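Just below is one structure, and these are the notes that go with it.
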Amino acid sequence: MEYKLAKQLKTAHPTIIREIYMYACDHRDVFLDLSIGEPSVDTFPLKEIAKASADMYEHDGKRALAYGPYPGMSDCIVEITKWMASRGFDMEKNTIEILPGSGHGMDNMANTFCDEGDVILSEMMAYPGIQNAARMVGAKLIGVEMDDDGINLDALERKINENIERLKFLYLCPSFNNPTTLTLPEYKREAIYKLAQKYDFMIYEDDPYSRLSFDGNYLKEIKRLDTDGRVVYAASLSKIVSAGMRIGFFVVDKSLRQWLEMSQGNAGVQSVPVMLTVANYMKNNDIDAHCIEVGEFYKEKAQWMVDCIKKYLPASCTPVQPTGGIFLWLNVPEKLDLNDIFHKLMYANVGVCPSYGFSADPENYPGHGFRLCYSTPSREDIEKACQIMGRVLKEELGED
Ligand SMILES: Cc1ncc(COP(=O)(O)O)c(C=O)c1O
């Protein structure tokens, strides 16, 4: 049958991750995958979650198996509200909306605010989920040039002015960004919020990684600067407690919740047993202490990857030292053909993500780097992958 696809899908194309995945499936035993941005299951509190779940079925089983309300189970909302209040969020003014993962939040935001032809701004290198969210509502995603510490403020103001008529919101992942690993400094967070006030647009603050700080230092979230209700803050337990349970949440101005709920359509009902299990887990465990442990786990693996890169790769290929999160950004010389290197590495059984796969404008701003992920591969596999990368890159660059 010839399917009459929706026009938004006609501009969709398979992602690089999918290409690697298909190749990796056929080479499962030998493939060294640094491309997939998954948290390590070894960091998840399995014993505590098992207990929280067993207690929930024993004491609350019938409620768990019934339908739940739209914004989420109040037990879970109460625990997350306490957590966010303890982190300095204004929970008098704001409320929690539980999401089936924070990725869903991007679709929800685009559905709520964007009509066809509207504009979403993001950093030039951004999580591809925002490209999908924009495409599905017919909005235009426009990338803003970046500095070494994230979005360039002059370029941002210029792009705001160029698109002021249709601009709906700015998408940012300010802490341990995927893919660039950068953390926006406080002065930029403040300046961006002031621009949003001056030009009257919203900010979508995507924050799945800030709790993975290696040194327990957390910068003030943009949402905590928000006096107008113009920041929609999305976070997730996927990198801390479980990715498979699919729990994310919004912190949003109370007046906004009804619109976000309405635009979820049929996708808005969350799994009740999961929400009640999370509520039990949070009530009986110290999630902040757990986050510190997870950060320490990743810190050690990140340093191992940096050491291997320095040992095996040509000196012109330079890693950005990670300070949190699960990714490492590797800068490579501009003269390299990234697409060619990406395929050579893949055929040598190493999966990496080239920068152009994240670019809002890959034709004009393909970038000169690769995103590598150190969370799931073993130390041994990280070393083997770096040896292979070193060989391929040295051949290509003619360096020793
Ligand atoms: C920047 C960013 N935002 C959102 C998500 C979605 O995460 P989840 O839906 O599991 O909460 C991811 C997942 O990797 C991500 O990297």
- Query: Which values, in whole Å and largest first, are the semi-axes of the equivalent ellipsoid of the range 211-315 obtained as the square root of 5 times each eigenvalue of the Cα gyration tensor?
  - Reply: 33, 19, 15
- Task: On the protein heavy atoms, probe 1.4 angstrom, tell me the percent of accessible surface of the chain carried by carbon and sulfur.
- Result: 51 percent
- Query: For the chain, with every protein chain kept in place, what is the accessible area per residue (1.4 Å probe, Å²)?
  - Reply: 45 Å²
- Item | Cysteines, the chain, no other Cys beta-carbon under 4.7 Å | CYS25, CYS76, CYS114, CYS173, CYS291, CYS317, CYS353, CYS373
- Task: Take peptides 68-75, 216-223, 282-289 and line them up by average Cβ neighbours within 10 Å, highest first, as a rough protection proxy.
- Result: 68-75, 216-223, 282-289
- At the level of C-alpha centres, the distance separating the range 66-110 and the range 369-397, in angstrom, is 38 Å
- Expressed in nanometres to one decimal, the distance between label points 7 Å along Cα→Cβ at ALA12 and GLU116 is 1.8 nm
- Message: Stokes-Einstein diffusion coefficient for the range 67-286 at 37 °C in a medium of 0.692 mPa s, Rh from the Kirkwood formula over Cα pairs: what value in µm²/s?
- Response: 187 µm²/s
- Full extension between SER86 and ASP55 adds, at 0.36 nm per residue less the Cα distance, a length in nm of 8.6 nm
- Can you list, largest first and rounded to whole Å, the semi-axes you get for the range 309-382 by taking the square root of 5 times each eigenvalue of its Cα gyration tensor? 20, 15, 13
- Sparse-neighbourhood loop hits (trypsin sites (Lys or Arg not before Pro), the range 1-66; DSSP loop; Cβ within 10 Å at most 12 others) -> LYS4, ARG28
- Message: How charged is the neighbourhood of THR43? Take every other residue with its Cβ under 9 Å from the Cβ of THR43, and add Lys/Arg as +1 and Asp/Glu as -1.
- Response: -1
- Distance from the Cα centre of the range 207-251 to that of the range 128-167, in angstrom? 21 Å
- Hydropathy first: keep DSSP H helices in the chain averaging at least -1.0 on Kyte-Doolittle, then drop any whose Cα extent along the axis falls short of 24 Å, and list what survives. 287-312, 379-397
- Message: Which order do the peptides 143-155, 123-135, 246-258 come out in when sorted by mean C-beta neighbours inside 10 angstrom, highest first?
- Response: 123-135, 246-258, 143-155
- Quickly estimate the mean residue ellipticity at 222 nm for the chain, helices only: each DSSP H run with n ≥ 4 gives -39500 (n - 2.57), and the total goes over all residues, rounded to 500. -13000 deg cm²/dmol
- Query: Do you know the relative contact order of the chain, to the nearest whole percent, from alpha carbon pairs under 8 angstrom that are 6+ apart?
  - Reply: 24 percent
- Along the three principal axes, how long is the chain when you take its alpha carbons, biggest first, rounded to the nearest angstrom? 63, 55, 52
- Note on the structure: Projected onto the charge dipole of the range 1-111 (unit charges on the beta-carbon of Lys, Arg, Asp and Glu, signs +1, +1, -1, -1), the Cα from LEU32, MET109, ILE49 with the largest positive-side position is that of MET109
- Message: Taking 22 Å as R0, compute the FRET efficiency from the Cβ-Cβ separation of ASP26 and ARG379 and round it to 0.05.
- Response: 0.30
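The values are calculated or read from the model by the stated rules, or taken from the named source; none is laboratory data. Owing to the predicted nature of the structure, the values given are computational and were not obtained by experimental measurement. Don't worry about glycine lacking a Cβ; one is built from the backbone with ideal geometry, like all the others, and counts go over all protein chains shown. For accessibility, only protein heavy atoms count, side chains too; no ligands or nucleic acids. Shrake-Rupley method; radii C 1.70, N 1.55, O 1.52, S 1.80 Å.
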